[in-house]
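K.L.:
There's a structure below that I have some questions on.
The values are calculated or read from the model by the stated rules, or taken from the named source; none is laboratory data. Model, not experiment: these values are computed from the prediction. Cβ coordinates were reconstructed from backbone atoms using ideal geometry, including for glycine residues, and neighbour counts include every protein chain displayed.
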Amino acid sequence: MARRNDHSKEEVQSMAIEATRTLISREGIDGVSARKVAQEIGYTVGTLYQNFDNIHDLILHANAFSLSELLAELENASILTRNKLNLVTAIADAYLEYAQTHERQWSAIFKHALPQDQLMPDWYQTRIDALFSVIEVALHTLAPQRDRKSIQIAARTLWSGVHGICILHVGDKLYSHSIATPSLLIKSLVTHFLNSWLKENK
C-alpha cells in the first residue's frame, strides 16, 4: 500500500467508501464503524472525518453505490421486457433478485437511519427518485392518460407492498414456503393492484 501522504483527498474518499462497502458485504451494516473503516484503509479516524462529515455521510456514499447497482438491474429488466403488461412485474422481480443476491447491501440501504438533526442530502434523494422513476415510466406506459401525481402515488403505494414481501422473505419471516414463492406473491400483488388501479376513473 502507498504511504498515507501518497493518496489524494479523492483517493482517500474512494478507499473509505470501498472499505465501507466491503464491511457491509462481510458483516452487514451493524459491522460498520469509523474505526474499522480506518483500519481497512490504513488511516486514522481523524482522517476519515476530514473527508466525510460523519460516519452516516460515509455510509450514505457506500449505499449510493448499491442504489446505482439496483437501478441498473431495474432498468435492464425494463429494457428486456417487451410486453408492457408484464413490465411492472419484471421490474419487481429484478428488485427481489437484487435483494436476494445482495442481501446485506440491500438491507443496509433501509436499515441505515440518519440522526434526527441530519437531513437527507439532495444528491442521495436523487438516487432514490431515480429508482421510482423506473416504476413510474412503466405505469405511465400502461396508463398514459394519468397525471404525474397519480402515477407517483401509485408507484410508491405498489412498491411499499413489493418491498414488504422482499423484507419478509430476506428475513425468513414470510412463512409461505408451502404456499407460494416470493416471486409468485409479488406477481399476485402487482396483478391485483394494477387491475384495480387501471379501472379507476375510466
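K.L.:
So Gly161 passes all but one of these: (1) modelled with pLDDT of 95 or more; (2) on the phi > 0 side of the Ramachandran plot. Which condition number does it fail?
P.N.:
Among (1) modelled with pLDDT of 95 or more; (2) on the phi > 0 side of the Ramachandran plot, the lone unmet condition for Gly161 is (2).
K.L.:
Regarding Lys111, is this residue in contact with a helix residue (DSSP H, G or I) (Cβ under 8 Å, 6 or more places away or on another chain), under 24 Å from Thr181 (Cα atoms) and not acidic (Asp, Glu)? Steps first, please.
P.N.:
Values: in contact with a helix residue (DSSP H, G or I) (Cβ under 8 Å, 6 or more places away or on another chain): yes; under 24 Å from Thr181 (Cα atoms): no; not acidic (Asp, Glu): yes.
Taking the combined requirement at face value, the residue does not satisfy it.
K.L.:
If you don't mind, there's one more thing I want to ask. Look at Ser160 and say whether it is farther than 24 Å from Lys111 by Cα, without any contact (Cβ under 8 Å) to a residue 40 or more places away in the chain and either surrounded by fewer than 15 Cβ atoms within 10 Å (Cβ to Cβ) or not assigned by TED's automatic domain parsing to the domain that holds Ser68 (or both).
P.N.:
Here the answer is no, as Ser160 does not meet what is asked.
K.L.:
Go through the stretch 52-107 residue by residue and tally those that are of a type in the set (D, E, K, R) and within 20 Å of Leu168 (Cα to Cα).
P.N.:
4
K.L.:
Can you find a residue in the stretch 75-91 that is assigned to a loop (DSSP other than H, G, I, E, B) and either closer than 30 Å to Met15 by Cα or among the small types (Gly, Ala, Ser) (or both)?
P.N.:
No, the conditions are met nowhere in the stretch 75-91.
K.L.:
Here is a follow-up. Looking at the stretch 83-116, which of its residues are aliphatic (A, V, I, L, M), more than 23 Å from Gly28 (Cβ to Cβ) and in contact (Cβ under 8 Å) with a residue 40 or more places away in the chain?
P.N.:
Matches in the stretch 83-116: Leu85, Leu87, Val88, Ile91, Ala92.
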